[in-house]
Amino acid sequence: MGMWAVPVAAAVGLALGDKGPVDELVRWVVTAVSATVLVALAHALTQVWSPGWSTAVACVSVLPATWLANRLATQLAYSRGPQQSLRALPLLLAGTTGAEEVGPLVARTVRDALASPASLVRVGPHVLGSSGDTALHLFEVPVLLHRNEVAVLAAAARPGETSLSRRDLDVMAAVAVTAAPALAGARAARAAAEAHHLAATARDRERDRLHADLHDELGPALSGLSLTAAAISSRLATDDTVTASRLVEELRGGIGHTATRVRELAYDLRPTVVEPTQLAPLLKQRLGTGGPPEITLDVEPCDLSLPDHVRPAVVRVVLEAVTNVRRHAEALHCSVHVARVGDEVRVVVDDDGIGPGTAGSGIGLGSIAARTAALHGTSSLRPRPGGGSRLTATFTTGSEG
(Lines give C-alpha, C1' and ligand atoms only; values in the text may rest on other atoms or scores of the structure.)
Protein backbone atom coordinates (compact mmCIF):
# COMPACT_ATOMS: atom_id res chain seq x y z
CA MET A 1 0.00 0.00 0.00
CA GLY A 2 2.85 2.37 0.89
CA MET A 3 4.46 1.90 -2.52
CA TRP A 4 1.26 3.04 -4.28
CA ALA A 5 1.32 6.32 -2.32
CA VAL A 6 4.36 7.53 -4.26
CA PRO A 7 2.89 7.52 -7.80
CA VAL A 8 -0.53 8.63 -6.55
CA ALA A 9 0.92 11.61 -4.66
CA ALA A 10 3.15 12.52 -7.60
CA ALA A 11 0.20 12.42 -10.01
CA VAL A 12 -1.85 14.72 -7.77
CA GLY A 13 1.04 17.18 -7.49
CA LEU A 14 1.60 17.28 -11.24
CA ALA A 15 -2.10 17.70 -11.98
CA LEU A 16 -2.48 20.80 -9.82
CA GLY A 17 -1.29 24.06 -11.38
CA ASP A 18 -1.77 26.25 -8.30
CA LYS A 19 1.03 25.90 -5.79
CA GLY A 20 -1.21 25.97 -2.74
CA PRO A 21 -1.46 24.03 0.54
CA VAL A 22 -2.33 20.81 -1.33
CA ASP A 23 1.10 20.88 -2.96
CA GLU A 24 2.76 21.17 0.44
CA LEU A 25 0.77 18.14 1.62
CA VAL A 26 1.73 16.22 -1.51
CA ARG A 27 5.38 17.13 -1.04
CA TRP A 28 5.28 16.03 2.60
CA VAL A 29 3.61 12.70 1.73
CA VAL A 30 6.04 12.00 -1.10
CA THR A 31 9.01 12.88 1.12
CA ALA A 32 7.84 10.68 3.99
CA VAL A 33 6.97 7.69 1.83
CA SER A 34 10.09 7.96 -0.35
CA ALA A 35 12.39 8.32 2.66
CA THR A 36 10.75 5.32 4.31
CA VAL A 37 11.15 3.24 1.16
CA LEU A 38 14.82 4.23 0.77
CA VAL A 39 15.64 3.44 4.40
CA ALA A 40 13.77 0.13 4.17
CA LEU A 41 15.65 -0.71 0.97
CA ALA A 42 19.00 0.04 2.62
CA HIS A 43 18.00 -2.09 5.61
CA ALA A 44 16.90 -4.98 3.39
CA LEU A 45 20.07 -4.96 1.29
CA THR A 46 22.27 -4.83 4.37
CA GLN A 47 20.23 -7.64 5.93
CA VAL A 48 21.13 -9.82 2.94
CA TRP A 49 24.85 -9.06 2.84
CA SER A 50 25.65 -8.31 6.47
CA PRO A 51 22.76 -8.89 8.90
CA GLY A 52 24.68 -7.57 11.89
CA TRP A 53 24.99 -4.11 10.38
CA SER A 54 21.47 -3.73 9.01
CA THR A 55 20.10 -1.68 11.92
CA ALA A 56 23.10 0.66 11.96
CA VAL A 57 22.95 1.18 8.20
CA ALA A 58 19.22 1.93 8.41
CA CYS A 59 19.83 4.59 11.08
CA VAL A 60 22.71 6.19 9.20
CA SER A 61 20.74 6.27 5.94
CA VAL A 62 17.82 8.26 7.41
CA LEU A 63 19.32 11.74 6.79
CA PRO A 64 20.61 11.19 3.23
CA ALA A 65 17.43 9.32 2.33
CA THR A 66 15.29 12.17 3.65
CA TRP A 67 17.35 14.76 1.74
CA LEU A 68 17.10 12.80 -1.50
CA ALA A 69 13.38 12.18 -0.98
CA ASN A 70 12.78 15.88 -0.29
CA ARG A 71 14.48 16.89 -3.55
CA LEU A 72 12.45 14.30 -5.45
CA ALA A 73 9.21 15.40 -3.78
CA THR A 74 9.87 19.08 -4.52
CA GLN A 75 10.39 18.36 -8.20
CA LEU A 76 7.29 16.17 -8.40
CA ALA A 77 5.00 18.49 -6.43
CA TYR A 78 6.11 21.82 -7.89
CA SER A 79 8.21 21.76 -10.98
CA ARG A 80 7.27 21.34 -14.59
CA GLY A 81 10.68 22.50 -15.77
CA PRO A 82 12.01 26.03 -16.29
CA GLN A 83 12.39 25.64 -20.06
CA GLN A 84 8.70 24.92 -20.50
CA SER A 85 7.80 28.04 -18.47
CA LEU A 86 10.30 30.21 -20.36
CA ARG A 87 9.03 29.02 -23.75
CA ALA A 88 5.42 29.74 -22.78
CA LEU A 89 6.07 33.23 -21.35
CA PRO A 90 6.21 35.25 -24.64
CA LEU A 91 2.92 33.76 -25.83
CA LEU A 92 1.28 34.37 -22.46
CA LEU A 93 2.47 37.99 -22.42
CA ALA A 94 1.17 38.51 -25.95
CA GLY A 95 -2.22 37.24 -24.82
CA THR A 96 -2.66 39.69 -21.94
CA THR A 97 -5.51 42.17 -22.36
CA GLY A 98 -4.38 44.78 -19.84
CA ALA A 99 -1.28 46.06 -18.07
CA GLU A 100 -2.65 44.84 -14.74
CA GLU A 101 -2.33 41.21 -15.93
CA VAL A 102 1.42 41.39 -16.62
CA GLY A 103 2.69 41.41 -13.02
CA PRO A 104 0.71 38.36 -11.80
CA LEU A 105 1.59 36.44 -14.98
CA VAL A 106 5.33 37.05 -14.60
CA ALA A 107 5.16 36.17 -10.88
CA ARG A 108 3.47 32.84 -11.66
CA THR A 109 6.03 32.11 -14.36
CA VAL A 110 8.93 32.67 -11.96
CA ARG A 111 7.30 30.45 -9.37
CA ASP A 112 6.63 27.64 -11.82
CA ALA A 113 10.07 27.84 -13.42
CA LEU A 114 11.91 27.67 -10.08
CA ALA A 115 9.55 25.29 -8.28
CA SER A 116 9.43 28.05 -5.67
CA PRO A 117 6.78 28.37 -2.95
CA ALA A 118 6.47 32.16 -3.53
CA SER A 119 7.37 34.91 -5.97
CA LEU A 120 6.46 38.51 -6.70
CA VAL A 121 7.10 41.37 -9.10
CA ARG A 122 7.44 44.90 -7.75
CA VAL A 123 8.13 48.41 -8.95
CA GLY A 124 9.69 50.34 -6.10
CA PRO A 125 7.48 49.64 -3.07
CA HIS A 126 4.48 48.74 -5.25
CA VAL A 127 3.75 45.06 -5.94
CA LEU A 128 2.60 44.47 -9.52
CA GLY A 129 1.87 40.79 -8.95
CA SER A 130 2.55 37.94 -6.53
CA SER A 131 2.07 34.20 -6.17
CA GLY A 132 2.28 32.10 -3.03
CA ASP A 133 3.30 33.07 0.49
CA THR A 134 5.28 36.28 -0.03
CA ALA A 135 5.95 36.53 3.71
CA LEU A 136 8.83 34.10 3.09
CA HIS A 137 12.34 35.44 2.57
CA LEU A 138 12.65 36.41 -1.10
CA PHE A 139 15.75 36.68 -3.28
CA GLU A 140 15.67 39.48 -5.85
CA VAL A 141 16.84 39.96 -9.43
CA PRO A 142 16.49 43.36 -11.19
CA VAL A 143 14.62 43.70 -14.48
CA LEU A 144 16.59 46.01 -16.79
CA LEU A 145 15.53 47.67 -20.02
CA HIS A 146 18.12 49.80 -21.81
CA ARG A 147 20.22 49.62 -18.62
CA ASN A 148 17.42 51.15 -16.54
CA GLU A 149 15.70 49.19 -13.79
CA VAL A 150 11.99 48.91 -14.55
CA ALA A 151 11.03 46.26 -11.97
CA VAL A 152 12.33 43.62 -9.58
CA LEU A 153 11.66 39.87 -9.62
CA ALA A 154 11.75 38.06 -6.28
CA ALA A 155 11.39 34.40 -5.35
CA ALA A 156 11.71 32.22 -2.26
CA ALA A 157 14.02 29.22 -1.99
CA ARG A 158 12.46 25.79 -2.40
CA PRO A 159 11.41 23.92 0.76
CA GLY A 160 14.44 22.39 2.43
CA GLU A 161 16.84 24.86 0.75
CA THR A 162 18.24 28.08 2.20
CA SER A 163 18.95 30.04 -0.99
CA LEU A 164 18.53 30.09 -4.74
CA SER A 165 21.15 28.34 -6.84
CA ARG A 166 23.12 29.93 -9.66
CA ARG A 167 20.86 28.08 -12.09
CA ASP A 168 17.81 29.59 -10.37
CA LEU A 169 19.24 33.09 -10.71
CA ASP A 170 19.99 32.44 -14.39
CA VAL A 171 16.38 31.35 -14.93
CA MET A 172 15.11 34.52 -13.21
CA ALA A 173 17.45 36.59 -15.38
CA ALA A 174 16.02 34.91 -18.48
CA VAL A 175 12.48 35.70 -17.31
CA ALA A 176 13.56 39.30 -16.67
CA VAL A 177 14.91 39.70 -20.22
CA THR A 178 11.73 38.31 -21.77
CA ALA A 179 9.33 40.25 -19.55
CA ALA A 180 11.22 43.58 -19.41
CA PRO A 181 9.29 45.40 -22.20
CA ALA A 182 5.92 44.26 -20.85
CA LEU A 183 6.86 45.20 -17.28
CA ALA A 184 8.07 48.62 -18.47
CA GLY A 185 4.68 49.12 -20.08
CA ALA A 186 2.90 48.02 -16.90
CA ARG A 187 5.04 50.42 -14.88
CA ALA A 188 4.22 53.30 -17.25
CA ALA A 189 0.52 52.46 -17.10
CA ARG A 190 0.61 52.47 -13.30
CA ALA A 191 2.43 55.83 -13.25
CA ALA A 192 -0.10 57.29 -15.69
CA ALA A 193 -2.99 56.05 -13.55
CA GLU A 194 -1.45 57.61 -10.44
CA ALA A 195 -0.86 60.91 -12.25
CA HIS A 196 -4.46 60.90 -13.50
CA HIS A 197 -5.72 60.28 -9.97
CA LEU A 198 -3.60 63.12 -8.57
CA ALA A 199 -4.75 65.47 -11.33
CA ALA A 200 -8.37 64.57 -10.61
CA THR A 201 -7.78 65.21 -6.91
CA ALA A 202 -6.27 68.61 -7.68
CA ARG A 203 -9.23 69.46 -9.92
CA ASP A 204 -11.73 68.47 -7.23
CA ARG A 205 -9.91 70.54 -4.63
CA GLU A 206 -9.90 73.49 -7.02
CA ARG A 207 -13.65 73.16 -7.42
CA ASP A 208 -14.06 73.04 -3.65
CA ARG A 209 -11.99 76.19 -3.32
CA LEU A 210 -14.00 78.03 -5.97
CA HIS A 211 -17.21 76.94 -4.29
CA ALA A 212 -15.92 78.27 -0.97
CA ASP A 213 -14.90 81.56 -2.61
CA LEU A 214 -18.30 82.03 -4.19
CA HIS A 215 -20.20 81.04 -1.06
CA ASP A 216 -18.04 82.66 1.62
CA GLU A 217 -16.81 85.79 -0.17
CA LEU A 218 -18.90 86.88 -3.12
CA GLY A 219 -22.23 85.98 -1.53
CA PRO A 220 -21.72 88.08 1.62
CA ALA A 221 -20.01 90.84 -0.41
CA LEU A 222 -22.98 91.20 -2.75
CA SER A 223 -25.38 91.14 0.20
CA GLY A 224 -23.35 93.92 1.83
CA LEU A 225 -23.47 96.00 -1.34
CA SER A 226 -27.23 95.55 -1.48
CA LEU A 227 -27.60 96.74 2.11
CA THR A 228 -25.38 99.75 1.44
CA ALA A 229 -27.48 100.68 -1.60
CA ALA A 230 -30.63 100.42 0.53
CA ALA A 231 -29.05 102.67 3.17
CA ILE A 232 -28.17 105.25 0.51
CA SER A 233 -31.75 105.24 -0.75
CA SER A 234 -33.00 105.73 2.80
CA ARG A 235 -30.64 108.66 3.46
CA LEU A 236 -31.55 110.36 0.20
CA ALA A 237 -35.22 110.10 1.14
CA THR A 238 -34.48 112.13 4.30
CA ASP A 239 -32.19 114.58 2.47
CA ASP A 240 -29.17 113.35 4.49
CA THR A 241 -26.79 113.93 1.60
CA VAL A 242 -23.65 113.90 3.75
CA THR A 243 -24.23 110.36 4.98
CA ALA A 244 -25.45 109.32 1.55
CA SER A 245 -22.23 110.60 -0.05
CA ARG A 246 -20.12 108.65 2.45
CA LEU A 247 -22.12 105.50 1.77
CA VAL A 248 -21.73 106.02 -1.97
CA GLU A 249 -17.94 106.02 -1.54
CA GLU A 250 -18.17 102.84 0.52
CA LEU A 251 -20.37 101.30 -2.15
CA ARG A 252 -17.89 102.26 -4.86
CA GLY A 253 -15.01 100.71 -2.93
CA GLY A 254 -17.00 97.55 -2.26
CA ILE A 255 -17.92 97.22 -5.92
CA GLY A 256 -14.27 97.67 -6.92
CA HIS A 257 -13.08 95.00 -4.47
CA THR A 258 -15.81 92.58 -5.57
CA ALA A 259 -14.98 93.17 -9.23
CA THR A 260 -11.34 92.36 -8.47
CA ARG A 261 -12.33 89.08 -6.81
CA VAL A 262 -14.58 88.19 -9.75
CA ARG A 263 -11.67 88.77 -12.16
CA GLU A 264 -9.43 86.57 -10.00
CA LEU A 265 -12.02 83.80 -9.94
CA ALA A 266 -12.50 84.08 -13.70
CA TYR A 267 -8.73 83.82 -14.14
CA ASP A 268 -8.68 80.68 -11.99
CA LEU A 269 -11.43 79.09 -14.08
CA ARG A 270 -9.56 79.30 -17.37
CA PRO A 271 -6.54 77.14 -18.29
CA THR A 272 -3.28 78.76 -17.29
CA VAL A 273 -0.99 79.39 -20.26
CA VAL A 274 2.42 80.71 -19.25
CA GLU A 275 5.01 81.53 -21.89
CA PRO A 276 8.51 80.16 -21.16
CA THR A 277 10.04 83.53 -20.21
CA GLN A 278 6.91 85.13 -18.73
CA LEU A 279 6.82 83.41 -15.35
CA ALA A 280 8.25 86.31 -13.34
CA PRO A 281 6.22 89.08 -15.10
CA LEU A 282 3.00 87.09 -14.76
CA LEU A 283 3.55 86.44 -11.06
CA LYS A 284 4.36 90.12 -10.49
CA GLN A 285 1.17 91.15 -12.26
CA ARG A 286 -1.05 88.65 -10.43
CA LEU A 287 0.43 89.37 -7.00
CA GLY A 288 0.06 93.12 -7.42
CA THR A 289 -3.67 93.02 -6.68
CA GLY A 290 -5.65 92.00 -3.64
CA GLY A 291 -4.46 94.44 -0.97
CA PRO A 292 -2.26 93.77 2.07
CA PRO A 293 0.15 92.32 2.98
CA GLU A 294 3.03 93.87 1.07
CA ILE A 295 4.35 91.25 -1.38
CA THR A 296 8.02 90.81 -2.29
CA LEU A 297 8.72 88.56 -5.31
CA ASP A 298 12.09 86.99 -6.10
CA VAL A 299 12.50 84.64 -9.08
CA GLU A 300 15.95 83.10 -9.73
CA PRO A 301 17.04 83.52 -12.42
CA CYS A 302 14.77 86.35 -13.53
CA ASP A 303 14.27 84.66 -16.93
CA LEU A 304 13.65 81.25 -15.33
CA SER A 305 12.38 78.85 -17.99
CA LEU A 306 10.46 75.74 -16.98
CA PRO A 307 8.75 72.87 -18.84
CA ASP A 308 5.25 73.59 -20.15
CA HIS A 309 3.52 71.34 -17.62
CA VAL A 310 5.39 72.84 -14.64
CA ARG A 311 4.93 76.59 -15.21
CA PRO A 312 1.13 76.67 -14.68
CA ALA A 313 1.45 74.59 -11.51
CA VAL A 314 4.05 76.99 -10.08
CA VAL A 315 1.78 79.97 -10.80
CA ARG A 316 -1.23 78.28 -9.20
CA VAL A 317 0.70 77.26 -6.09
CA VAL A 318 2.16 80.75 -5.60
CA LEU A 319 -1.25 82.42 -5.99
CA GLU A 320 -2.91 79.88 -3.68
CA ALA A 321 -0.23 80.35 -1.03
CA VAL A 322 -0.44 84.15 -1.13
CA THR A 323 -4.25 83.98 -1.01
CA ASN A 324 -3.98 81.88 2.15
CA VAL A 325 -1.65 84.48 3.67
CA ARG A 326 -4.09 87.30 2.85
CA ARG A 327 -7.05 85.45 4.30
CA HIS A 328 -5.64 83.84 7.41
CA ALA A 329 -2.17 85.06 8.38
CA GLU A 330 -2.92 88.68 9.42
CA ALA A 331 0.52 89.48 8.03
CA LEU A 332 2.06 92.83 7.09
CA HIS A 333 4.72 91.40 4.79
CA CYS A 334 4.94 88.33 2.57
CA SER A 335 7.90 87.18 0.46
CA VAL A 336 7.74 84.77 -2.47
CA HIS A 337 10.92 83.05 -3.65
CA VAL A 338 10.95 80.81 -6.74
CA ALA A 339 14.19 79.11 -7.79
CA ARG A 340 15.38 76.14 -9.78
CA VAL A 341 17.73 73.77 -7.95
CA GLY A 342 19.01 70.98 -10.18
CA ASP A 343 15.99 69.14 -11.58
CA GLU A 344 13.63 70.68 -9.02
CA VAL A 345 11.76 73.96 -8.73
CA ARG A 346 11.38 75.25 -5.18
CA VAL A 347 8.73 77.73 -4.07
CA VAL A 348 9.06 79.32 -0.62
CA VAL A 349 6.39 81.71 0.70
CA ASP A 350 7.18 83.44 4.02
CA ASP A 351 4.95 85.75 6.05
CA ASP A 352 5.20 87.58 9.38
CA GLY A 353 1.67 86.74 10.50
CA ILE A 354 0.20 84.71 13.33
CA GLY A 355 1.71 81.37 12.27
CA PRO A 356 0.30 78.17 10.77
CA GLY A 357 -2.17 77.33 13.55
CA THR A 358 -4.70 74.82 12.19
CA ALA A 359 -4.57 76.07 8.60
CA GLY A 360 -3.00 72.82 7.46
CA SER A 361 -6.42 71.28 6.82
CA GLY A 362 -7.74 74.08 4.60
CA ILE A 363 -8.94 73.71 1.02
CA GLY A 364 -6.17 75.95 -0.33
CA LEU A 365 -3.37 73.95 1.26
CA GLY A 366 -4.99 70.73 0.11
CA SER A 367 -5.01 72.07 -3.45
CA ILE A 368 -1.30 72.96 -3.15
CA ALA A 369 -0.49 69.47 -1.88
CA ALA A 370 -2.40 67.84 -4.74
CA ARG A 371 -0.71 70.03 -7.39
CA THR A 372 2.79 69.31 -6.10
CA ALA A 373 2.10 65.58 -5.73
CA ALA A 374 0.85 65.46 -9.34
CA LEU A 375 4.36 66.53 -10.39
CA HIS A 376 6.06 64.10 -7.97
CA GLY A 377 6.81 66.92 -5.53
CA THR A 378 6.08 67.76 -1.91
CA SER A 379 4.66 70.66 0.10
CA SER A 380 4.76 71.65 3.76
CA LEU A 381 3.59 74.50 6.01
CA ARG A 382 5.64 75.17 9.14
CA PRO A 383 6.38 78.01 11.57
CA ARG A 384 8.95 80.45 10.21
CA PRO A 385 12.04 81.22 12.30
CA GLY A 386 11.37 84.59 13.87
CA GLY A 387 7.58 84.27 13.66
CA GLY A 388 4.95 83.74 11.00
CA SER A 389 4.65 80.87 8.54
CA ARG A 390 6.75 79.29 5.81
CA LEU A 391 5.19 77.30 2.99
CA THR A 392 7.60 75.25 0.91
CA ALA A 393 6.66 73.43 -2.30
CA THR A 394 8.94 71.50 -4.65
CA PHE A 395 8.28 70.23 -8.17
CA THR A 396 10.30 67.91 -10.35
CA THR A 397 10.98 69.17 -13.86
CA GLY A 398 11.06 65.74 -15.49
CA SER A 399 8.65 64.47 -18.11
CA GLU A 400 4.97 64.97 -17.50
CA GLY A 401 3.26 62.13 -15.62
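The values are calculated or read from the model by the stated rules, or taken from the named source; none is laboratory data. Bear in mind the structure is a predicted one, so any value in this text is a computation, not a measurement. Note that each Cβ is placed from the backbone with ideal geometry, even for glycine, and that neighbours are counted across all protein chains shown.
Suppose the filter is surrounded by 14 or more Cβ atoms within 10 Å (Cβ to Cβ), assigned to a helix (DSSP H, G or I) and at pLDDT 80 or above; does residue 209 pass it? It would help to see each step written out before you state the result.
On the way: surrounded by 14 or more Cβ atoms within 10 Å (Cβ to Cβ): yes; assigned to a helix (DSSP H, G or I): yes; at pLDDT 80 or above: no.
Here the answer is no, as residue 209 does not meet what is asked.
Sort out which residues of the range 119-146 are under 19 Å from residue 183 (Cα atoms) and more than 23 Å from the chain's Cα centre (by Cα), and write them in order of number. Within the range 119-146, 139, 146 meet the criteria. Residue 296 meets each of the listed conditions (1) out of contact with any Asp or Glu (no Cβ under 6 Å at 6 or more places or on another chain); (2) modelled with pLDDT under 85; (3) of a type in the set (S, T, N, Q) apart from (2). Being within 18 Å of residue 310 (Cα to Cα) and either in contact (Cβ under 8 Å) with a residue 60 or more places away in the chain or of a type outside the set (A, V, I, L, M) (or both) is the filter here, so list the residues in the range 324-352 that pass it. Those that are within 18 Å of residue 310 (Cα to Cα) and either in contact (Cβ under 8 Å) with a residue 60 or more places away in the chain or of a type outside the set (A, V, I, L, M) (or both): 337, 340, 342, 343, 344, 346.
When every residue of the range 193-209 is checked against the conditions, at least one turns out to be in contact with a Lys or Arg (Cβ under 6 Å, 6 or more places away or on another chain) and closer than 30 Å to residue 326 by Cβ. Evaluated against (1) modelled with pLDDT under 70; (2) touching a strand residue (DSSP E or B) at 6+ places or on another chain (Cβ under 8 Å), residue 310 falls short on exactly one condition, (1). Only residues that are surrounded by 14 or more Cβ atoms within 10 Å (Cβ to Cβ), within 30 Å of the chain's Cα centre (by Cα) and farther than 15 Å from residue 184 by Cβ were counted across the range 82-100, and they come to 2.
When you go through 235, 207, 246, 190 one by one, which is the residue that is within 28 Å of the chain's Cα centre (by Cα) and farther than 30 Å from residue 128 by Cα?
The conditions single out 207.
The selection criterion, being part of a loop (DSSP other than H, G, I, E, B), at pLDDT 80 or above and closer than 25 Å to residue 387 by Cα, holds for residue 331.
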